[in-house]
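Undergrad: I am attaching a structure below and will ask some questions about it afterwards.
The values are calculated or read from the model by the stated rules, or taken from the named source; none is laboratory data. Computed from a predicted model, the values in this text were never measured in an experiment. Neighbour counts run over all protein chains shown; Cβ positions are idealised from the backbone, glycine included. Areas reflect the complete protein model, heavy atoms only, side chains present, ligands, DNA and RNA absent. Shrake-Rupley method; radii C 1.70, N 1.55, O 1.52, S 1.80 Å.
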Amino acid sequence: MSTPAPERTRPRGEDVVVVSDLHKSFGSNQVLTGIDLTIRRGEVVCVIGPSGSGKSTLLRCVNLLETPTSGSIRVQGEEVTDPDCDIDAVRRGLGMVFQQFNLFPHLTVLENCTVAQRTVLRRSAGQAREVAQRNLEKVGLGERGDAHPAQLSGGQQQRVAIARALSMEPELMLFDEPTSALDPELVGDVLAVMRQLAAEGMTMMVVTHEMAFAREVADRVVFMDGGVVVEDGHPDEVIGNPRHERTRTFLQRVLDPTHVQAGAHDAAHAARHAGDPAPGDVAETPPTPDHH
Amino acid sequence: MSAPAPTAEQAPTRRRSSPRRRARRIRLVQYAVLIVLVVLALFTANWPQIIDVFFRPELVAATIGPALFLALGNTLIYTAGAFLFGLVVGTVLALMRLSEVPPYRWIARAYIEFFRGLPAIVVFIAFGLLPIAFEGMTIPWDPYGTVWVALGMVASAYLAETIRAGIQAVPKGQVEAARSLGMSSATAMRKIVLPQAFRIILPPLTNELILLVKDSSLVYVLGLSIEGYELTKFGREAAQSEANLTPLVVAGFCYLLITLPLTVLVGRLEATTAKAR
Ligand SMILES: Nc1ncnc2c1ncn2[C@@H]1O[C@H](COP(=O)(O)OP(=O)(O)OP(=O)(O)O)[C@@H](O)[C@H]1O
Ligand SMILES: [Mg+2]
């Protein structure tokens with residue numbers, strides 16, 4: 001009590017997101033089967049779990065990129081599943097960072113960060129540029145405003161995506177495996193930016209396979225499996241001393257000593273792709289449209 | 001190609017007819033035939049008469065003048081206006097085709113199938129008869145307005161399908177990113193999807209512009225006054241009054257003057273798109 005870890009003493013505010021009894025199915029595939037989760041202001045919540053457990057689906061339900069089948073999601077007091085809810089207004093308060101960055105390739109880095117400010121918040125060109133520039137500097141890319149996304153490395157693109165979301169001055173940032181599409185040597189820069197955000201008190205919900213990051217930065221770690229929250233608590237408990245067998249099995253696979261020398265990131269990848277087809281079959285899968 | 005010919009290895013006695021030798025022999029025969037044909041053409045054709053009918057120098061000189069430039073200008077104005085009209089209507093049709101409201105999809109589908117299935121000249125004949133059928137009816141900026149609408153309606157049907165393909169080629173993540181930033185679906189379409197869609201379809205769009213340059217010749221059925229003549233009508237009238245084809249040939253070269261640079265442009269665009277992928 002007398003010597004609390006400094007990064008975990010941020011003041012906790014009111015509830016920003018309250019998910020209760022959330023169900024989501026795609027056709028007959030029941031992906032989420034009763035999720036309860038609360039995120040308070042200033043908290044960093046990391047969501048971990050095996051591939052296909054519904055982590056992305058949960059995140060995408062929070063900003064209604066997926067429509068929940070049933071249950072309730074309150075974002076800053078607004079019931080987003082209510083048909084009368086102004087979803088564009090709710091999304092303004094939420095920043096989203098995708099695994100595949102999803103930068104706008106036809107716009108410059110600066111324009112990527114200003115287009116929504118101009119069209120949604122109706123800010124003046126000057127003000128939008130100022131805000132965008134401040135956030136680009138924050139992610140270490142203040143000099144690259146005139147570049148196009150294709151001219152940047154993956155790590156730089158993901159940092160622009162973070163700056164783009166921050167430029168809308170959201171209450172809550174959602175991250176869906178922000179480092180999973182990156183070369184290992186570029187992961188560190190992105191995690192450093194996220195660490196800084198957390199230190200500044202940003203409320204964050206992060207789906208990740210970076211166990212070291214989750215342990216260090218998260219206030220809470222949520223372990224999901226089979227469409228439910230299996231474990232939800234302090235990272236030292238959920239990762240360090242899991243109570244549930246399923247959590248232990250998952251962590252064992254992710255932190256398998258045979259993979260550790262390649263770095264936690266690779267280990268996470270290995271676990272994620274454990275069920276993927278053999279490398280020989282990969283060539284036959286069609287390219288994902290997101291890759292340009 | 002790179003695989004060794006099995007017959008050559010298995011049967012050395014038949015080496016003479018190995019595929020490579022045969023290919024060379026066929027090539028030689030092709031050259032020989034070509035030379036024979038060229039020589040025949042050179043010696044049998046009545047060249048003075050051909051030059052006199054198609055390329056009479058004093059008629060070339062007489063044709064190149066203000067009337068030709070007016071016709072060239074009209075071809076460009078007809079084409080550009082129809083293309084713009086087609087782009088706007090085509091974009092609306094493409095959005096209707098992708099609408100979540102089924103009747104919009106049906107209407108767009110019917111329009112597109114109708115105008116794609118119809119010979120363009122039928123549309124022009126119909127527009128030519130409109131003022132007679134509806135007494136006193138006029139389309140503003142005649143004859144330009146009539147041409148723009150008639151040619152544009154045909155063009156829009158083709159352009160709509162191209163634009164729809166372009167919209168669908170923009171990755172879903174782009175819309176998701178835009179919507180996550182709070183943009184409405186209309187704003188996301190306008191600011192994020194359409195600009196990328198048009199970039200993707202720039203090569204086919206340019207191709208359709210070339211087709212439209214040529215289709216603008218169909219306006220001759222409208223019965224235009226002299227100020228409205230475009231290249232084909234101009235060339236035809238001049239050729240008829242001179243009883244010589246030279247003016248039509250000159251007009252034809254003017255089409256190439258417009259379309260060849262566009263063809264080169266399409267090639268460049270396709271090369272850069274291929275590189276960017
Ligand atoms: N749009 C969709 N249509 C149909 N099924 C979907 C869709 N999105 C996700 N699913 C299915 O939902 C399940 C959970 O997917 P989800 O992407 O949420 O998992 P995840 O935990 O994020 O996994 P990963 O770690 O691989 O990203 C999977 O079985 C997936 O096939
Ligand atoms: Mg996922």
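Undergrad: How much accessible area per residue does the protein assembly as shown have, in Å², with a 1.4 Å probe?
TA: Here the residues of the protein assembly as shown average 52 Å² of exposed surface.
Undergrad: Using Cα-Cα distances under 8 Å and only pairs 6 or more residues apart, what relative contact order does chain B have, in percent?
TA: RCO, chain B: 25 percent.
Undergrad: Could you give the longest part of chain B that holds none of the chymotrypsin sites (Phe, Trp or Tyr not before Pro) found in DSSP loops with at most 14 neighbouring Cβ atoms within 10 Å?
TA: Longest gap between qualifying sites, sites excluded: B:142-277.
Undergrad: Roughly how many Å² of A:Asp15 are accessible to a 1.4 Å probe, to the nearest 10?
TA: Only protein atoms counted, so the area is about 80 Å².
Undergrad: Quick one: buried accessible area between B and A, total over both chains, 1.4 angstrom probe, nearest 100 Å²?
TA: Numbers: alone 17460 and 13910 Å², together 29490 Å².
That pair of chains buries around 1900 Å² in total.
Undergrad: Please find the FRET efficiency linking B:Ala243 to A:Glu185, where r is the Cβ-Cβ separation and R0 is fixed at 56 Å, and quote it to the nearest 0.05.
TA: Working: r = 79 Å, r/R0 = 1.41.
Computed FRET efficiency for B:Ala243 and A:Glu185: 0.10.
Undergrad: Can you run phi through the Karplus equation (6.51, -1.76, 1.60; θ = phi - 60°) for the stretch B:178-191 and list ³J(HN,Hα) in whole Hz, with x for Gly and Pro?
TA: 5, 5, 5, 7, x, 5, 6, 5, 5, 5, 4, 5, 6, 8
Undergrad: Counting only other chains, what is the mean number of Cβ atoms within 10 angstrom of the Cβ of each residue in peptide A:101-113?
TA: For this peptide, the per-residue mean of nearby foreign Cβ atoms is 4.
Undergrad: Write out the GluC sites (Glu not before Pro) in the stretch B:132-199 meeting two conditions: DSSP loop, and at most 12 other Cβ atoms within 10 Å of their Cβ. All intermediate terms of the calculation are to be shown ahead of the outcome.
TA: On the way: sites: B:Glu135, B:Glu161, B:Glu176; in loops: B:Glu135.
For GluC sites (Glu not before Pro) across the stretch B:132-199 that sit outside H, G, I, E and B with at most 12 neighbouring Cβ atoms in 10 Å, the list reads B:Glu135.
Undergrad: Roughly to the nearest percent, how much of the accessible area of chain B is carbon and sulfur, given a 1.4 Å probe?
TA: Of the solvent-accessible surface of chain B, carbon and sulfur hold 68 percent.
Undergrad: If I take R0 = 45 Å and measure r between the Cβ atoms of A:Arg248 and A:Glu79 in this structure, what FRET efficiency does the formula 1/(1 + (r/R0)^6) give, to the nearest 0.05?
TA: 0.80
Undergrad: Treat each spin label as a single point 7 Å out from the Cα along the C-beta direction, and report the B:Ile139 to B:Gln30 distance in nm.
TA: Output for this residue pair reads 4.7 nm.
Undergrad: Same structure, new question: Please name the residues of the stretch B:174-205 whose accessible area, counted over protein heavy atoms with a 1.4 angstrom probe, falls by no less than 30 Å² between the chain alone and the full protein assembly.
TA: Buried by the other chains: B:Gln174, B:Glu176, B:Ala177, B:Arg179, B:Ser180, B:Leu181, B:Gly182, B:Met183, B:Lys191, B:Ile192, B:Gln196, B:Arg199.
Undergrad: At 7 Å along Cα-to-Cβ for each site, give me the label-to-label distance between A:Glu14 and B:Ile107 in nm.
TA: For A:Glu14 paired with B:Ile107, the spin-label model returns 4.5 nm.
Undergrad: Let me ask something additional. Please work out whether the stretch A:44-111 counts as rounded, prolate or oblate from its C-alpha gyration tensor, where a ≥ b ≥ c are the square roots of the eigenvalues and a/c under 1.5 means rounded, while otherwise a/b larger than b/c means prolate and anything else oblate? The partial results should precede the final answer.
TA: Details: a/c = 2.11, a/b = 1.21, b/c = 1.74.
The shape class here is oblate.
Undergrad: Which lysines have a Cα lying under 27 Å from the Cα of A:Lys138, excluding residues fewer than 8 positions away in the same chain?
TA: Of all the lysines, those that pass the test against A:Lys138 - Cα under 27 Å, at least 8 places apart if same chain - are B:Lys191.
Undergrad: Continuing with this model, one more query. Report the trypsin sites (Lys or Arg not before Pro) located in the stretch A:117-158 that are in a DSSP loop and have at most 16 other Cβ atoms inside 10 Å of their Cβ, or state none. Provide the component values of the computation, followed by the final result.
TA: Numbers: sites: A:Arg118, A:Arg122, A:Arg123, A:Arg129, A:Arg134, A:Lys138, A:Arg144; in loops: A:Arg122, A:Arg123, A:Arg144.
Sparse-neighbourhood loop trypsin sites (Lys or Arg not before Pro): A:Arg122.
Undergrad: For the stretch A:37-195, what D do you get in µm² per second when you plug the Kirkwood radius from alpha-carbon pairs into Stokes-Einstein at 4 °C and 1.567 mPa s?
TA: Here the translational diffusion coefficient equals 78 µm²/s.
Undergrad: Separate question: Pull out a ≥ b ≥ c, the square roots of the eigenvalues of the alpha-carbon gyration tensor of the protein assembly as shown, then state rounded if a/c is under 1.5, prolate if not and a/b is larger than b/c, and oblate in the remaining case.
TA: prolate
Undergrad: Just reorder B:Lys191, B:Lys214 by solvent-accessible area, largest first, 1.4 Å probe, all chains present.
TA: B:Lys214, B:Lys191
Undergrad: I've got another one for you. What residues qualify as long-range amide H neighbours of A:Asp232, i.e. H under 5 Å apart, gap of 5 or more or another chain, H built at 1.01 Å from N?
TA: Under 5 Å from the amide H of A:Asp232 lie the amide H atoms of A:Phe223, each far enough along the sequence or on another chain.
Undergrad: When every alpha-carbon pair in chain B is counted, what percent end up more than 35 Å apart?
TA: Working: 16677 of 38226 pairs.
Value for chain B: 44 percent of Cα pairs lie more than 35 Å apart.
Undergrad: Sum up the charges of everything whose Cβ sits under 11 Å from the Cβ of B:Val147, counting Lys and Arg as +1 and Asp and Glu as -1, but leave B:Val147 out.
TA: So the environment of B:Val147 carries a net charge of -3.
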